[in-house]
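The values are calculated or read from the model by the stated rules, or taken from the named source; none is laboratory data. Only a predicted model underlies this, so the values are computations on that prediction, with no experimental measurement involved. All Cβ positions, glycine included, derive from the backbone under ideal geometry; neighbour counts span all protein chains shown. Note: areas computed on protein heavy atoms with side chains; ligands, DNA, RNA excluded. Shrake-Rupley method; radii C 1.70, N 1.55, O 1.52, S 1.80 Å.
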Amino acid sequence: MRANLNREGITTRSFVAGVTASLVVGAGVAYADNVIRGSYLAIDFGSPVAVFLLFVLAALLNPLLGLLQRSWHLSASEVALVYIMALVAASGPSMGLTGFFLPYLSGAQYYATPENGWTSLFIHYVPDWMVPLEPGAIKDFYEGTPRGTGGVAWAAWLPALLAWVPFLVALYLVMIALMVILRKQWMDHERLSYPLMQPSLAMIETESGRRAPALFRTWLFWIGMAIPFTVGAINALHAYHSFIPRIELQTSLPIFRGMASLRPTLSFATLGLSYFLSRDVALGIWVFNLLAKVQEGAFGVLGIRSTETMEWVTVPILAHQSIGAMTMFVLFGLWMGRGHLRAVARKAFRGDDSIDDSGEMLSYRTAVFSVIGGTALMWWWLWKTGLPVWMAGVVLFMAFVIFVGLTRMVTEGGFFITRAPINPGNFAVSGFGVENIGAQGVTALGYTFVWAGEMRIFVMAAVANALKIAEGIRGNRRLLLWAILTALLISAVSSVWVELSLGYKYGGINLSPFYTGLVHYPFNFIARNLNNATPVNWNGWLWTAYGGALMAVLMVAKQRLVWWPIHPMSLPVSSMWMTDTIMLSVFMSWLIKGAILHYGGPAMYRRGKPLFIGLVVGQFGSMGFWVIVDYLTGMSDNLVFFL
């Protein structure tokens, strides 16, 4: 009995297993993205690689360990820790950091030509300490060393990599601390559903005396899993044998004389995850997306358009509207949680004993002072890169508005694929103009794309979901912080090491699109704005204000009117292509869930959960399975599922 109790918390063996999983995620995803180039396992909040590893552990390895020796079987708490470390590790090796980090630190030096004039235009504004400078080392990284025999030019890279460490450590600590501060408000007071974690929780939960979770003994789960796995197998085999027809899951339907397009896409993962959404949230996702398409199409027909160009933005007017809505969404949420935030402040600054933070990963005092200290360090670091002091504050404010807003959408709305409506760099130039920011400031804004570019996956959202999983871990939760930090460190170091090694062996231009397409984004941003001396866009401010006002009205309606049927949470991301692609699947799930609740009630809804969990696990499992098969067979560019 004592042995069983000792294995309910964070144990040495579960930590070692989590370290192993973090290494597999960090190094494996970096290799897969750049060499195999199959289905992307860690570019979105769904983190398919973590779900895949959890399935392998819970369905195969752990039951086998229990069969061989009962004491080897991992408890639910131990499995949870392994998954948490894999989940957090997945936020680093691709679009979370490394995928952008290395190309953006070196891309300007490699791609600068007399034609684009980058050398004379902005490269001299880049501080020497924040990027590698050795031309030969950069050339070899992008083109490979002769015959692939040379090693990594660490002497050229290490100073720049180490210069970024203080900023990244501060960034991640602030993200973690904010999630500790908001955890009780979101989980206990507002009771958010955390739909992305429902399949994982079901695979972790184990009945006493059983080697495998009850989920795997339900035939509906295996039926649900078989559907996307079969579709994935057919599409994967098409790459091996062209006579096998590919099953197309997406199409495009032009509307408003071709001024806008619907992108109906069948995503099994979205279909499964949306089953766990509240009806008002799911309704809001597809309704606001349709309204955004109408708005976009009407603007096109009427000739209402912006002359702005922004990276990762299709319709700038809607991007301004969306960032206004995002800002109001976050501020409204903080206002609703003001009672809890006051309690956190009393505990942090006065040591109020009536407020219990013993169940948190960090004490509230440590969390609050981590936010204050980390923000100060980031502010100073950004100033040292060339940003005016006031602009560094603007960038940090907008970045964390987006980080918190998207994290809330992930934890409540189940968005496993979404991104920022507009990043802080584009917001800053559009809102304040090049003249006010300065040429060096605009250059520094370009390098913020490393950590606040597309913002498609990041540590804050991973930690928020991890804390939901951690509810099942007994014992001292403070140890969880060190597990999370270890996972981040291993993922970052291993992914950077793998990508640098691959670059010098094969040449970055022969690897992923990060080194051939996306690498240009920050430098095109800098060059375009400096060449055009981009002025303040006052119309953009008007659309931002309109988006904020609209969100405020909708949030008040949701809070005050009991009959109000639509949650406005998705408004800030309603106009982007990612929402276009999930809309059909969300609508289908909303329709199916409605019918189940109407005709079968809550009991039938509960019985149907394994089927929809199977859809999620089947898609993510298929992605991981075929990446492994492609590695073993030498196949590349076999994209089984994208969404």
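Odds and ends about this structure:
- Matching residues in segment 188-232 - criterion: being among the aromatic types (Phe, Trp, Tyr), part of a helix (DSSP H, G or I) and touching a Ser or Thr at 6+ places or on another chain (Cβ under 7 Å): PHE229
- Verdict on SER495 being buried (at least 18 other Cβ atoms within 10 Å of the Cβ) and part of a helix (DSSP H, G or I): yes
- Of everything in segment 346-357 that is over 29 Å from the mean Cα position of the chain (by Cα) and part of a loop (DSSP other than H, G, I, E, B), the residue that is surrounded by the most Cβ atoms within 10 Å (Cβ to Cβ) is ILE355.
- Residues of segment 586-634 that turn out to be within 26 Å of LEU57 (Cα to Cα) and of a type in the set (A, V, I, L, M, F, W, C), as a count: 14
- Those residues of segment 634-643 which are open to solvent by 10 Å² or more (accessible area, probe 1.4 Å) and either of a type in the set (Gly, Ala, Ser) or touching a helix residue (DSSP H, G or I) at 6+ places or on another chain (Cβ under 8 Å) (or both), in sequence order: GLY634, MET635, SER636, ASP637, LEU643
- Condition met for PRO565 (open to solvent by less than 50 Å² (accessible area, probe 1.4 Å) and under 26 Å from PRO264 (Cβ atoms)): no
- Candidates in segment 233-273 are the residues that are open to solvent by 10 Å² or more (accessible area, probe 1.4 Å) and in a helix (DSSP H, G or I); of these, the one that is nearest to LYS558 (Cα to Cα) is LEU271.
- Residue that is hydrophobic (A, V, I, L, M, F, W, C) and either open to solvent by 30 Å² or more (accessible area, probe 1.4 Å) or under 12 Å from MET460 (Cβ atoms) (or both), where the choices are LEU201, LEU196, LEU168: LEU201
- Taken as a whole, the structure leaves PHE620 outside the set of residues that are surrounded by fewer than 24 Cβ atoms within 10 Å (Cβ to Cβ) and within 18 Å of ILE247 (Cβ to Cβ).
- The set of residues in segment 102-134 that are β-branched (Val, Ile, Thr), closer than 17 Å to ALA160 by Cβ and not in a loop (DSSP other than H, G, I, E, B) contains only ILE123.
- Qualifying residue in segment 87-100 (condition: farther than 23 Å from ALA420 by Cα, out of contact with any Lys or Arg (no Cβ under 9 Å at 6 or more places or on another chain) and in contact (Cβ under 8 Å) with a residue 40 or more places away in the chain): no
- GLU454 acidic (Asp, Glu) and either buried (at least 24 other Cβ atoms within 10 Å of the Cβ) or assigned to a helix (DSSP H, G or I) (or both): no
- Qualifying residues in segment 274-294 (those that are of a type outside the set (A, V, I, L, M, F, W, C) and not in a loop (DSSP other than H, G, I, E, B)) - the one nearest to PRO199 (Cα to Cα): SER274
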